[in-house]
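Before I ask anything, here is the structure I am working with.
The values are calculated or read from the model by the stated rules, or taken from the named source; none is laboratory data. In this text, all values refer to a predicted model and were calculated from it rather than measured experimentally. All Cβ positions, glycine included, derive from the backbone under ideal geometry; neighbour counts span all protein chains shown. Surface accessibility is based on the protein's heavy atoms, side chains included, excluding ligands, DNA and RNA. Shrake-Rupley method; radii C 1.70, N 1.55, O 1.52, S 1.80 Å.
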Amino acid sequence: MSAAAPVAPRDRAVILILLIATFVVILNETIMNVALPRLMTDLRIGASTAQWLSTAFMLTMAVVIPVTGYLLQRLSTRTVFLTAMILFCLGTLLAALAPGFGVLLIARIVQACGTAIMLPLLMTTVLTLVPEQGRGAVMGQISIVISVAPALGPTISGLILQALSWRFMFLFVLPIALAALAYGARMLGNVGTPRRLTLDLLSVPLSALGFGGLVYALSRFGETPGGLANPAVSVPLLVGAASLTAFLWRQVMLGRRGEPLLDLRAFRFPMFTLGVGLMVIAMMALFGGAILLPLYLQNLRGLSTLQTGLLLLPGGLLMGLVAPTVGRWYDQVGPRPLVLPGTVVMTLVLFAFGQIGTSTPVWVLLALHLALSGGLALLFTPVFTSALGPLPPALYSHGSALLSTLQQVAGTPWAALLVTLMAGRATTRAAQGVPAVDAQVDGLHLAFTASGVIAAVAVGLALFLRRAPQSGEAHGEMAAEQPALSPGMHS
């Protein structure tokens, strides 16, 4: 294995700016989760109304991310960065000053527009600037952003809400975001050359209805009486499915002319397709743990939101601490020796969570969560790098957008489905005469076991993962034949 090629100081500065900005916007994504009860009281709104602050954010992300593939090719790096951070800062300021629910909801949508652009921008820039031999280490830094920021969010908001108004959650984030914007405006140069592309006006609403409809319907599935039989779920689900089918067909047609909104030719590369599958399962495991564990700790163990955040914080920090090391290991040994044990650990821990009860010692819960975080850390960086690495430069932005979109679309409905499974099982057991607490524990066991079954699929997929050769400019034919997947291939 050759030594990692050095990254120029100017390029390192660009990546650092984007890392800091992405950390801030992802931190904001989870900082609201534990504040909803306080908002319900202060704004005099019900739970279903307050939930729109999270649902609208996810919907906006699902709608905007598919468009980033076009934006990153059409506009300069500097323009995309400044647009994303200005939107995020404006949304954050508006949220801090919001006089009521309506303005706060608009502020969250504006924030989400900026957030949706940052992660694809960061990944595309890294692919463009960093030589293939050194990408693992840099992708490890991206994994820090993806893992530590969501873990810190609930803890920070819990600390703030102990003594201050919910507005201070946004006032805490705003100066950091403004500093990142100011530093980026001064130091960030352009990466690559913008291309003159035509925006397909039909693809945009099809994408919005398709991805937005699916995320909305599946996120409401767990909290709507009747589930799929309720028109509030079935209608947007059908509209979303039909629109998404039309959107995909449209992209195939446009791809033949070279101007799709989201280029699906990335899926012609087996390692990209395999990496997307693994990342979707990993995000399902992460989202599942992120929603089931707090419900268990608060509803069944009586912990406060702050105590819950503090208990889950070490896992997020562990992922951040080991991510750079995992990235360096990837550069040395390739993906499979890391991802295979990572998926095995993830699967075993989820099944172990399916056995916990109201008397499980806290240190056991902490150890299991640390083990889950360690398994995910072994998975994230190698999968990101090996999935996006073989794409030719023309597909960098589209591959990043596809990966980000499918993560968002997969994690949200899976979390809703787990809550539905848990609640349904608890209701059934309670109707059979089982005590309420035991019925809830049974529901929790079913939800975690379902996550374990899905995670086991990732173990099988990991057997096929390998470091595919990087496609450079000379690899002009995106449809070039890739070697068939085989578990016998060397990493």
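How would the stretch 108-183 be classified by its alpha-carbon gyration tensor: rounded, prolate or oblate, with rounded meaning a/c under 1.5 and the a/b versus b/c comparison settling the rest?
prolate
222 nm [θ] for the chain, helices only, -39500 (n - 2.57) per DSSP H run of 4+, per residue, to 500?
So the helix-based figure for the chain works out to -26000 deg cm²/dmol.
Sticking with this one: In whole Hz, what ³J(HN,Hα) sequence does the stretch 20-30 give by Karplus (6.51, -1.76, 1.60; θ = phi - 60°), x for Gly and Pro?
4, 5, 5, 4, 5, 6, 6, 4, 5, 4, 9
What figure in square angstrom, to the nearest 10, would you give for the accessible area of Ser76 with a 1.4 Å probe?
20 Å²
Among Gly309, Ile117, Ala462, whose Cα lies farthest out toward the positive end of the dipole of the chain, if unit charges sit on the beta carbon of Lys, Arg (+1) and Asp, Glu (-1)?
Ile117
Just to verify a number: FRET efficiency for Asp438 and Val362, C-beta to C-beta distance, R0 = 25 Å, to 0.05?
0.80
Given charges of +1 on the Cβ of Lys and Arg and -1 on the Cβ of Asp and Glu, with all other atoms neutral, how large is the dipole of the stretch 1-157 about its Cα centre, in debye to the nearest 20?
It works out to roughly 160 debye.
Ok, one more. Which whole-number percent is the relative contact order of the chain (Cα, under 8 Å, 6+ apart)?
Taking the mean separation of contacting Cα pairs over the length of the chain, I get 22 percent.
Which of the trypsin sites (Lys or Arg not before Pro) found in the stretch 207-296 are loop residues per DSSP with 14 or fewer other Cβ atoms within 10 Å of their Cβ?
Loop-located and lightly packed - Arg256, Arg257.
Of the heavy-atom accessible surface of the chain (probe 1.4 angstrom), what whole percent is carbon and sulfur?
Using a 1.4 Å probe with all protein chains present, the chain comes out at 68 percent carbon and sulfur.
Charges only on Cβ, +1 for Lys and Arg, -1 for Asp and Glu: so what's the dipole of the stretch 162-269 about the Cα centre, in debye to the nearest 20?
With only Lys, Arg, Asp and Glu charged at Cβ, the dipole is about 380 debye.
Roughly what would the spin-label model give for Leu463 and Ser165, points 7 Å off Cα along C-beta, in nm?
5.9 nm
While we're on this one: In what sequence, highest mean first, do 87-97, 18-28, 381-391, 297-307 appear when ranked by Cβ atoms within 10 angstrom?
381-391, 18-28, 87-97, 297-307
Turning to a different aspect of this structure: With the cut-off at 1.5 for a/c, could you classify the stretch 161-291 from its C-alpha gyration tensor as rounded, prolate or oblate?
Since a/c reaches 1.5 but b/c is at least a/b, the shape of the stretch 161-291 is classed as oblate.
Something else now. With every protein chain left in place, what is the accessible area per residue of the stretch 110-194 in square angstrom, probe 1.4 Å?
It amounts to 33 Å² per residue over the stretch 110-194.
From the convex hull of the Cα coordinates of the chain, what is the mean projected area in square nanometres?
Here the figure is 22.5 nm², rounded to one decimal.
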